[in-house]
Amino acid sequence: MDEEGLNRFFGSLEAKIMDIIWAKGRVTIKEVHEMIDDENPISKNAVMTVMTRLVEKEYLIRESSGKGRAKVSHFYAPQTKEQFITEQTRAVTDSLFADFGTFLVKNLIDNLDSADPDLIKQLELKLKEMRRDE
């Protein structure tokens, strides 16, 4: 809960890798390693291990072609960054609402002053719709 951004959902290296893949699309381990290694030296094996784990967790998809030394694996995310964040925040919100609904709603109300005005309009419309359905 103390982390920021994608680090709320991933470890720091996982988050860097996912950001690269969301920005670039299909990539190889070598390409990801080169981008990360430029800013913070790290072993290619560490990048490969984390990318393999992201495949196992189904955050990445691996497609391989060729055989032997000519084998190349490309990785890509099955969801856009926006889709991932939407899914994760929905899961967190649903869980918080189920466990602490009253507190969650109260905190949301208390924070409306800093909310985007367009979101407040959407909230108002949703509340009007809910009242009509009563």
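The values are calculated or read from the model by the stated rules, or taken from the named source; none is laboratory data. Since the model is a prediction, treat every value here as computed from it, not as a measurement. Every residue, glycine as well, gets a Cβ built from its backbone with ideal geometry; the counts of neighbours run over all protein chains shown. Quick note on the areas: whole protein, heavy atoms, side chains included, nothing else; ligands and nucleic acids left out. Shrake-Rupley method; radii C 1.70, N 1.55, O 1.52, S 1.80 Å.
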Exercise for the section: List every residue pair whose Cβ atoms sit under 6 Å apart, with the two residues 6 or more apart in sequence or on different chains, where the first one lies in the range 1-30 and is at negative phi and the second, anywhere, is open to solvent by 30 Å² or more (accessible area, probe 1.4 Å) and in a helix (DSSP H, G or I). Expected result: 9/88; 15/7; 20/35; 22/81; 29/48
Practice task
Output the residues belonging to the range 1-58 that are open to solvent by 100 Å² or more (accessible area, probe 1.4 Å) and of a type in the set (Asp, Glu).
Solution key: 2, 4, 38, 39, 56, 58
